[in-house]
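The values are calculated or read from the model by the stated rules, or taken from the named source; none is laboratory data. If you're wondering where the values come from, they're calculated on a predicted model, not measured in any experiment. Here the Cβ is made from the backbone with ideal geometry for all residues, glycine too, and neighbour counts use every protein chain on show. With ligands, DNA and RNA removed, areas are computed over all heavy atoms of the protein, side chains included. Shrake-Rupley method; radii C 1.70, N 1.55, O 1.52, S 1.80 Å.
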Amino acid sequence: MKPSVSHAVARLLRPLFRLLLRQGISFRTFEEIAKRAYVDVALHGFGLDGKKSSISRVSILSGLTRKEVQRLVEEPLPSDAELDARHNRAARVLSAWVRDADFHDAHGAPRALETQGERSFDTLVKRHSGDMPTRAVLDELLRVDAVYQRLDGRVELQTRAYVPQKGAAEKVGILGADVAYLIDTIDHNLSQVGQPPRFQRKVMYHSMPMAALPAFRALSATQAQALLEKLDRWLAEHDVANPDKTPHAARARVGMGIYYFEESLDSTRHEGKAK
């Protein structure tokens, strides 16, 4: 492995391992997950002539024995669709509530909704969540504190984004998806020669006074949320079913993520050193 790649991977793994250790996940468990992911990628992403890789080829690419590869192939990872379904439906309802004028008050803000009726929470869910039952969506949004149900039964928006407040497992699940998208973008920009690069930028200063951070946290959160809502409106307008003339046109999952980060300068000085 090239030293530059080795260094980058080690830096990437440190925060991941910090998270895993906090969740009580041993290296042996991580190793098993890593083997499955290695085999899955080698099997479906590195075939020859557009074909899926053979067990032997996966063994060569991954460095695992053919017997080990066969075992892992027979016990595949759960699909992204299975893991993302509930999150995507709930997030879609929340973003629609923010942008769809039918569910706004006279000032253009998301209003509290009756559970049933012409412009109710039920209508919002049926219009924007696909075929997910209204009660299931409401229970999910109540569970993560995204909405509040008043004593009169009306449902009130509490937050403009779906971020679970309860349950470490769900938060880790979202982390897995978001970091995967970022790494996929970086891989595209490194390897897809001749193709337009995907947007990947950050702004960072190296010696900010701690006293200035609360103001920047508030500013960045407000500005980022406004941009995401603008992009969400554009995506919602274009996320339509294939027209009759092109029923089999290619489709893609697309989006943009924004994240805030900070770290103490003391932690960076001691990173990698035993304490």
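Annotation for the stretch 1-33 versus the stretch 223-266: alpha-carbon center distance of 29 Å. Taking each residue as 0.36 nm, the span from Asp131 to Ser56 lengthens on full extension beyond its C-alpha to C-alpha distance by 22.8 nm.
For the chain, modelled as a GNM with alpha-carbon contacts under 10 angstrom, which of Pro247, Pro133, Pro196 fluctuates the most? With Cα springs under 10 Å in the chain, the top fluctuation among Pro247, Pro133, Pro196 is at Pro247.
First compute the accessible area of the chain with a 1.4 Å probe, then give the percent of it belonging to carbon and sulfur atoms. Result for the chain: 57 percent of the exposed heavy-atom area is carbon or sulfur. Placing dummy labels 7 Å off each Cα toward the beta-carbon, the span from Ala226 to His206 is 3.1 nm. Placing unit charges on the Cβ atoms only, positive for Lys and Arg and negative for Asp and Glu, gives the chain a dipole magnitude near 960 debye about its Cα centre. Using the 1.4 Å probe convention, the accessible area of the chain works out to 74 Å² per residue with neighbouring protein chains retained. Could you tell me which of the pairs Lys126/Lys230; Lys126/Lys245; Lys2/Lys35; Lys51/Lys202; Lys202/Lys230 are separated by over 28 angstrom between their Cα atoms in the structure shown? Beyond 28 Å: Lys51/Lys202. Whole-Hz Karplus values for the stretch 65-75 come out as 6, 4, 4, 5, 4, 4, 4, 6, 5, 6, 10 Hz, taken residue by residue from phi with 6.51 cos²θ - 1.76 cosθ + 1.60 and θ = phi - 60°; glycine and proline positions read x.
Put simply, the C-alpha atoms of the stretch 89-157 give a gyration tensor, and the ellipsoid matching it has half-axes of 16, 14, 11 Å, longest first. Where in the stretch 192-229 is the amide nitrogen less than 13 Å from a point lying 7 Å along the Cα-to-Cβ axis of Phe261? Those under the cut-off are 201-206.
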